[in-house]
Amino acid sequence: ETGVTQTPRHLVMGMTNKKSLKCEQHLGHNAMYWYKQSAKKPLELMFVYSLEERVENNSVPSRFSPECPNSSHLFLHLHTLQPEDSALYLCASSQRQGGRSGNTIYFGEGSWLTVV
Amino acid sequence: QQPVQSPQAVILREGEDAVINCSSSKALYSVHWYRQKHGEAPVFLMILLKGGEQKGHEKISASFNEKKQQSSLYLTASQLSYSGTYFCGTEGGDYKLSFGAGTTVTVRA
């Protein structure tokens, strides 16, 4: 139990579907992240929210739409995805301090997404 | 820019030692090490801040050479539980971590 909970753990969706991934952190952190993990590739940072404001969007296609309603919850809305979007999507949180880091990122268990 | 990890994979017998290296092309503020087992979340092992410090977690230790912009993770007297994929995450002074591709460690009895 890492204090970061993701649902669903597994999701299969068609290319025309709309679905959402949910993340909740119970650590009192002020920053939340979405990472994509594909086979044999480094973890790719997708989005960063700090104090509920999006501060990072790493050239992610618009078919991925994040939402952070409060500091404990983060969503990733998915629509018209492609088969190459199939991957493990990891949510994470940390406590940012004055723009500097050295702080620890805690990951959730991940949501396995398969696009058919 | 993402750090480079080596080796990509290593197979050990229980009790053997191994070293995993992580190199970056940019100046680093901190290096983070994680271990991920199949189907599970990456688990934080340790963080090293600039200053050349060395840290440990059980019989796993790491060093950080700021000048060389690299870190090494040392697995000493490996146990079966050490199997997994080890990632280094590097941070260049902001809050973002860039991760290496990972090193898969298999420890056999």
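Considering only the range A:41-58, I want to know if a residue exists there that is of a type in the set (A, V, I, L, M, F, W, C), at pLDDT 95 or above and closer than 21 Å to B:Gln36 by Cβ.
Looking through the range A:41-58, none of the residues is of a type in the set (A, V, I, L, M, F, W, C), at pLDDT 95 or above and closer than 21 Å to B:Gln36 by Cβ.
Return yes when B:Gly15 is at pLDDT 95 or above, assigned to a loop (DSSP other than H, G, I, E, B) and more than 16 Å from A:Leu43 (Cβ to Cβ) and no when it is not.
yes
Which condition from (1) within 10 Å of chain A (Cβ to nearest Cβ); (2) over 21 Å from A:Gln37 (Cβ atoms); (3) among the basic types (Lys, Arg) is the one that B:Lys67 breaks?
Among (1) within 10 Å of chain A (Cβ to nearest Cβ); (2) over 21 Å from A:Gln37 (Cβ atoms); (3) among the basic types (Lys, Arg), the lone unmet condition for B:Lys67 is (1).
For B:Gly52, state whether it is modelled with pLDDT under 90 and either assigned to a loop (DSSP other than H, G, I, E, B) or open to solvent by less than 50 Å² (accessible area, probe 1.4 Å) (or both).
Yes; evaluated as a whole, the condition is true for this residue.
Among the aliphatic types (A, V, I, L, M) and either under 23 Å from A:Ala92 (Cβ atoms) or away from every other protein chain (no Cβ under 13 Å) (or both): does that describe B:Ala9?
Criteria not met by B:Ala9.
For the subset of the range A:95-116 comprising residues that are within 13 Å of the chain's Cα centre (by Cα) and closer than 20 Å to A:Gln25 by Cα, which member is modelled with the lowest pLDDT?
Result: A:Ile105.
A quick yes/no check of all residues on (1) outside any loop (DSSP other than H, G, I, E, B); (2) open to solvent by 50 Å² or more (accessible area, probe 1.4 Å); (3) modelled with pLDDT of 90 or more:
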{"site": "B:Ser71", "(1), (2), (3)": "yes, no, yes"}
{"site": "B:Tyr74", "(1), (2), (3)": "yes, yes, yes"}
{"site": "B:Cys88", "(1), (2), (3)": "yes, no, yes"}
{"site": "B:Tyr95", "(1), (2), (3)": "no, no, no"}
{"site": "B:Val107", "(1), (2), (3)": "yes, no, yes"}
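The values are calculated or read from the model by the stated rules, or taken from the named source; none is laboratory data. Just so it is clear, the structure is predicted and the values come from calculations on it, not from any experiment. Note that we place each Cβ from the backbone using ideal geometry, even for glycine, and neighbour counts take in every protein chain shown. Each accessible area value is taken on the protein alone, full model and side chains, heavy atoms only, with ligands, DNA and RNA left out. Shrake-Rupley method; radii C 1.70, N 1.55, O 1.52, S 1.80 Å.
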